[in-house]
Amino acid sequence: MPAKKEKKGCGCASIPISLILVLLGVGYWGFMQRDTLLAHLNIRQFLPNNQQHQQQPTPSNPQPPTPTDLTSTPSPSASVAASPLEPSPTETPTPNPQASPLPTTPQPSPSPQTPWQKKEIRGIYLSRYQATNNATEKMIRERVRYYRAQGINTIIHGVWGNGCTMYPSQVMQQTFGYNSCPNEFQEQWLEWLIDEAHKQGMEVHAYFEKGIKIDKNSPIFDRAIAQRWIVPGVDKTYAGIDHYLLDVELPEVATFFKKILVEFVQKYPTIDAVQWDDYLGYHADLPGKVDRTTHLTNFVQQMIADMKKANPAVSFDLCHHNPYWSKRYFAADWKNWNVDRAFIQVYNDDNFQQELDYAENYAGVAISDQQLYRLKELVNNSKIKSILVFPSSGKPEEAAASIKKFTSINQ
């Protein structure tokens with residue numbers, strides 16, 4: 001018999017067609033479900049077309065998978081990772097909330113303020129000539145720094161007094177033929193004072209000392225008498241000196257003062273405030289018993305309005321007797337003057353406690369250097385917002401040193 005021939009081929013012809021169709025269907029189903037199968041097998045990371053997933057940042061402090069993680073079915077959120085809406089790999093990853101913050105250098109906490117330092121204004125008065133006569137720039141700047149070292153934050157310096165200015169004034173020149181009080185000063189003295197104070201974080205308030213009063217030593221005294229600028233009588237409010245009051249009801253006198261004040265706030269635009277005191281008032285004992293309250297109120301209101309129009313940044317302050325005494329004995333109804341701040345002047349100990357009741361309701365209190373023993377009481381009174389000290393002895397440096405000594409108990 002001839003040798004039996006072996007059949008060539010795979011023998012596929014002998015496979016039933018139905019089985020072939022089943023295998024093709026399973027293969028097609030597997031192809032369509034490959035993402036799900038790969039996710040179960042956790043081998044997507046090895047596929048070449050999955051490099052973008054390898055670039056995603058690895059969370060800090062990764063935790064080992066739990067048994068539940070290994071066996072659970074991926075949640076619907078798992079498919080979001082492959083969505084076209086997922087963030088670009090270049091975006092900054094959200095920090096892990098469990099990550100420890102980087103160490104930082106601790107900042108020293110500021111020292112708590114003492115009761116003295118909490119006062120809004122801790123001021124000292126420097127009367128006329130105390131910084132102007134023969135004062136160099138170096139001297140003026142050193143004095144400012146000295147007062148700051150004593151705990152002072154405001155210098156209230158005389159710029160006017162006895163009918164004339166302590167700085168060169170065009171208004172004085174045009175009115176009287178000379179531009180200031182007799183004085184030996186460098187024209188920049190006030191500019192240096194303001195500049196250094198501001199560098200030290202302090203303020204300068206211009207003190208219109210003696211207000212509308214003059215004495216026989218005033219360079220304008222003879223002119224005022226000749227032109228009848230003086231109201232009748234002598235003001236003997238303070239023993240030892242006779243004062244004469246300029247009549248602000250006269251248009252030429254009122255205009256002179258308004259021009260002086262406007263000129264000042266324009267000439268020194270960075271001044272922080274101007275302050276007038278109880279010399280802005282007519283004593284009740286003047287002859288004739290004339291009530292000048294209304295005239296004085298109208299004058300001051302207009303003067304303040306003119307100043308604010310020229311330089312609205314400057315505060316108009318007043319240091320006067322309490323409102324009752326001011327109106328009753330000095331025709332000074334200052335509650336209606338539109339002042340920015342009012343300080344109650346208590347330069348003697350008569351009715352001191354009663355005066356404090358007023359001071360607590362206004363900007364603060366003014367005392368003399370003879371009353372520094374009261375500083376502890378005033379400093380510890382939180383209702384007293386500011387404290388001003390007038391060196392009646394004429395020695396402001398010594399007064400400032402005493403202020404520091406009396407307030408050191410609260411440091």
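The values are calculated or read from the model by the stated rules, or taken from the named source; none is laboratory data. Note that the structure is a prediction, hence the values are computed from the model and not measured. Methodologically, a virtual Cβ is constructed for each residue, glycine included, from the backbone with ideal geometry; neighbour enumeration extends over all protein chains shown.
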Right, TYR268: within 15 Å of VAL204 (Cα to Cα) and not small (Gly, Ala, Ser) or not?
yes
Out of the residues in the stretch 273-285 that are in a strand (DSSP E or B) and hydrophobic (A, V, I, L, M, F, W, C), which is surrounded by the most Cβ atoms within 10 Å (Cβ to Cβ)?
TRP276
Look through SER326, SER382, SER368 and report the one residue that is at negative phi and out of contact with any strand residue (DSSP E or B) (no Cβ under 7 Å at 6 or more places or on another chain).
SER382
Spot the failing condition for THR297; the list is (1) in contact with an Asp or Glu (Cβ under 8 Å, 6 or more places away or on another chain); (2) part of a loop (DSSP other than H, G, I, E, B); (3) farther than 18 Å from SER180 by Cβ, and only one is missed.
(2)
Testing GLU137 on (1) buried (at least 18 other Cβ atoms within 10 Å of the Cβ); (2) of a type outside the set (S, T, N, Q); (3) touching a residue at least 40 places away in the same chain (Cβ under 8 Å); (4) at negative phi, one condition comes back false. Which one is that?
(1)
Flagged pairs (Cβ under 6 angstrom, 6 or more apart or on separate chains; first in the stretch 382-401, surrounded by 21 or more Cβ atoms within 10 Å (Cβ to Cβ); second of a type in the set (Ser, Thr, Tyr)) are PHE390/TYR125; PHE390/SER368; ALA400/TYR147
Which pairs turn up if I take residues in the stretch 170-184 that are at pLDDT 95 or above and look for partners that are assigned to a helix (DSSP H, G or I) and basic (Lys, Arg) with beta carbon separation below 8 Å, at least 6 apart in sequence or on another chain?
VAL171/LYS259; PHE176/ARG223
Please report, ordered by residue number, the strands (runs of 3 or more DSSP E) entirely within the stretch 103-215 with at least 1 residues that are touching a helix residue (DSSP H, G or I) at 6+ places or on another chain (Cβ under 9 Å) and closer than 16 Å to PHE264 by Cα.
154-161, 203-208
Restricting attention to the stretch 247-260, does a residue exist that is of a type in the set (Ser, Thr, Tyr), under 23 Å from GLN301 (Cβ atoms), surrounded by fewer than 19 Cβ atoms within 10 Å (Cβ to Cβ) and out of contact with any Cys (no Cβ under 6 Å at 6 or more places or on another chain)?
yes
Of residues in the stretch 302-351 being assigned to a helix (DSSP H, G or I) and of a type in the set (Lys, Arg), the one surrounded by the fewest Cβ atoms within 10 Å (Cβ to Cβ):
LYS309
Any chance you could count how many residues in the stretch 224-272 are assigned to a loop (DSSP other than H, G, I, E, B) and either closer than 16 Å to TYR282 by Cα or more than 39 Å from the chain's Cα centre (by Cα) (or both)?
18
Residues within the stretch 370-390 that are more than 14 Å from ARG122 (Cβ to Cβ) and more than 27 Å from the chain's Cα centre (by Cα), tallied
4
